[in-house]
Structures are given as C-alpha cells and as structure tokens.
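Here the structure comes first, spelled out in structure tokens, and everything after it is commentary.
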Amino acid sequence: MKRQNLRKALMVIFVLSLPVTMFYLSPLLTLQGAWKGIVTSSLVFVGLSAVLAFFAGRVFCGWICPGGAVQEVLFPANDRRVPGGKLDLIKYGIAAVWLALLVAFFIRAGGLLSVQPLYGIESGFSLATPVSYVMFYVAMGGMVVLSLAVGRRPFCHYGCMLAPFMIAGKYAAKKIGSPRLHLEAESEKCIDCKLCTKNCPMSLDVNAMVRSSEMDSPECISCAACVDVCPRQVISLVFSSTGSKKS
Ligand code: SF4
Ligand code: SF4
C-alpha cells in the first residue's frame, strides 16, 4: 500500500498547488485566448495530456489532477460507487461543445495568431485577483458538492472535458500497438474476493474485468489501487505493447 500512500500524498500536494496552477489547466481561459487568436498554456496542456495518455493512459487523472484529488479527499464523507454506462458519455458532449467553440473562435480571430503561455496569468500566479478567487471557489465548490451528493469521482465520470482527449490518446496507442502503461491480469488466480472492485476510485467492476480478461476501460485512471489491494497478485500495471490479457 506504500504506492497508494505516495499517490495520495502527491495528490494533496497538487491540490495545494492550485492557487498557482489552476489557470494553466483552465478550459475557460483556453476559449478566452482563442477568441483573440491566442494559444494559451491551458490549450498546450490539453495537447500534452493527450500525448501523456498515449504512453501512460489516464495517469494524470489518477496521480496528478488536483480536481481528482479534491474528489478523493471526500471519499470518507461519501464513497458510494457511481453508475457509469451512458452517463459517462456526458463528458464527450461537453468536450465536443468546447472543441467546436475553440475552432469557431480561432476562425473568427483569423487563425492561431500567437502563443502566449502567460495569457490571463500575467503574474504567473493563478489566484492573483478577487475575480480569480471567485472562480476558484465556484469550480472547487461545485466539485465538492457533486462529490458529497453523488459519491466517488463523479466529475471525472461525467464532467471532465479533458478526459475524452486522454481517452483518445490512450486508445490510439492501443490501436497501433505502441508500448503503453496498462493493466494486465492472470484471471485463473482470482478468488473473487472483489476487493479490487470495492477499492476502485472510478467505481469500475474490476473483478468482472479480470474474469473477462478485458482490463482496458476508458474510465481506468491507472491509479493501481486494484493492483495494490489484490491478495493474490492477480493484476499488474505494466508498460508494454501487449494486450490487456496476461495469461
Ligand atoms: S482483488 Fe484480486 S483476487 Fe480479489 S477479486 Fe480482485 S482480482 Fe480477484
Ligand atoms: S481499474 Fe484499477 S487502476 Fe483502473 S481506476 Fe480502477 S483501481 Fe485504478
């Protein structure tokens, strides 16, 4: 469990870094920049997150994302497993609207006119004005209320517009057979204790994934909680170009 303690410690550190980093991840600032033809650091970040996912899946979500961390911090208050399925598609709709607006704004501005990493963050510090504090509390407050009302990481499932880009990167690597970080399982060793399912922060039925030897889920955030909790070492997180089935 040392790995999970490290993961949680890292996530708390990234939450504490939010006053500096928040606008570097802001989809709203990306659109404000696009309106003037400016490529912001937050737009560069969207591209980089997809590239990272090509090699390491949604490791950003599981280990780095301050939003994910805020939701996990609230697990003691409500760790109900959340439904996936068609509800997970909501975030694809949000990403599609964001992408359409982005393209339309750049076209209106006459193209990509400049790259300004500090656009909207001139001091380099995100929470530098009273308005930015209001935006911070609205964004974080919304995430907190959603988590308390629904359960485990609901924003990651339904609301995150970054996730579809990372999922695209992840499946592009799988499609072309490129080496990538992914789960593998030796299903014949499984004793169906379901500890993996119980401990998955994304509410995935990991036991069923093991039984079907299909360990790739778009919602998996490569947190390795299932790997670390399994008493029979059935699941592993590996970097290779092989498929999801180990045996
Ligand atoms: S924790 Fe391990 S043994 Fe238990 S159900 Fe999951 S894969 Fe099987
Ligand atoms: S399946 Fe395993 S690695 Fe993926 S999110 Fe769930 S616990 Fe984490």
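The values are calculated or read from the model by the stated rules, or taken from the named source; none is laboratory data. Source: prediction; values computed, not measured. Every residue, glycine as well, gets a Cβ built from its backbone with ideal geometry; the counts of neighbours run over all protein chains shown. In case anyone asks, the SASA skips ligands and DNA or RNA and just uses the protein heavy atoms, side chains included. Shrake-Rupley method; radii C 1.70, N 1.55, O 1.52, S 1.80 Å.
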Residues of region 166-196 that turn out to be within 17 Å of Glu219 (Cα to Cα) and of a type in the set (Ser, Thr, Tyr), as a count: 1
Subset of region 30-39, residues out of contact with any Lys or Arg (no Cβ under 9 Å at 6 or more places or on another chain) and within 15 Å of Leu99 (Cβ to Cβ), comes to Thr30, Leu31, Gly33, Val39
I'm told Ser123 meets every condition in (1) polar (S, T, N, Q); (2) assigned to a loop (DSSP other than H, G, I, E, B); (3) open to solvent by less than 40 Å² (accessible area, probe 1.4 Å) except one. Can you identify the failing condition by its number? (3)
Within region 150-184, residues away from ligand 2 (no atom under 16 Å from the Cβ) and in contact with a Gly (Cβ under 6 Å, 6 or more places away or on another chain) come out as none
Does region 176-192 contain any residue that is over 19 Å from Ser49 (Cβ atoms), near ligand 1 (Cβ under 10 Å from one of its atoms), modelled with pLDDT of 95 or more and touching a Ser or Thr at 6+ places or on another chain (Cβ under 6 Å)? yes
Selected residue (only one of Leu48, Leu101 is at negative phi and either within 16 Å of ligand 1 (Cβ to nearest atom) or loosely packed, with under 15 Cβ neighbours inside 10 Å (or both)): Leu48
Tell me whether region 52-72 contains one or more residues that are farther than 19 Å from Gly159 by Cα and either at pLDDT below 90 or open to solvent by less than 40 Å² (accessible area, probe 1.4 Å) (or both). yes
Among Val238, Val131, Val227, Val234, the single one that is among the β-branched types (Val, Ile, Thr) and away from ligand 1 (no atom under 16 Å from the Cβ) is Val131
Where a residue in region 204-222 is assigned to a loop (DSSP other than H, G, I, E, B) and its partner, wherever it lies, is β-branched (Val, Ile, Thr) and more than 8 Å from ligand 2 (Cβ to nearest atom), with Cβ under 8 Å and at least six apart: Leu204/Thr197; Asp205/Thr197; Pro218/Ile167; Ile221/Val59; Ser222/Val59
Mind checking whether some residue in region 161-174 is aliphatic (A, V, I, L, M), within 16 Å of ligand 1 (Cβ to nearest atom) and either under 18 Å from the mean Cα position of the chain (by Cα) or in a helix (DSSP H, G or I) (or both)? no
Among the residues of region 185-203, how many are within 12 Å of ligand 2 (Cβ to nearest atom) and open to solvent by 20 Å² or more (accessible area, probe 1.4 Å)? 3
